[in-house]
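The values are calculated or read from the model by the stated rules, or taken from the named source; none is laboratory data. Small disclaimer: the values here were computed from a predicted structure and weren't measured. Don't worry about glycine lacking a Cβ; one is built from the backbone with ideal geometry, like all the others, and counts go over all protein chains shown.
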Amino acid sequence: MAATGEQAMAELADAIGEDAARELARRFGGTSLYVPRMVGDNHPVCVALGRSAADRLAAWCGGSAVAIPKQAERRARVRELRRAGKVTVAGIALETGFSERHVYRLLRADDDARQPGLFDPQ
């Protein structure tokens, strides 16, 4: 069974750190990225993440391709911007590349997940 985007993002964050994983998803999300065993200073991964995170990524999956999740980072950014409370739904849509309609859908799904069901034990 394939990992969900959230699971893949969590594994990536465990391996290289949350900030580096989010930056990797922002820069390379939605691609299958080949990671060499030794990442050179001019390699796009090293340029994007810095030496330390690039070395952690190479130690974790060097010599193979890794699927970089895209949507999980974008959905997390929607939630982050909404929690900050300073950005409108239109602003969130512009920032994340989602439509306003999809932003509303994501936020509604989060609200539904926190709302206990009528027959859930109290």
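Answer yes or no as to whether T88 is of a type in the set (S, T, N, Q), on the phi < 0 side of the Ramachandran plot and surrounded by fewer than 19 Cβ atoms within 10 Å (Cβ to Cβ).
Criteria met by T88.
Residues in segment 57-66: is at least one farther than 20 Å from S32 by Cβ and crowded, with 19+ Cβ neighbours inside 10 Å? Give the derivation first.
Quick first cut of segment 57-66, residues farther than 20 Å from S32 by Cβ only: none.
For segment 57-66, residues farther than 20 Å from S32 by Cβ and crowded, with 19+ Cβ neighbours inside 10 Å: absent.
Based on this model, can you work out whether A54 counts as outside the structural domain of L107 (by TED's automatic domain parsing) and within 16 Å of A13 (Cβ to Cβ)?
Working: outside the structural domain of L107 (by TED's automatic domain parsing): yes; within 16 Å of A13 (Cβ to Cβ): yes.
When the stated conditions are applied, A54 passes them.
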Original post:
Mind checking which residues of segment 18-59 are at pLDDT 95 or above and part of a loop (DSSP other than H, G, I, E, B)?
Top reply: P36, R37, M38, V39, G40, D41, N42, H43, G50
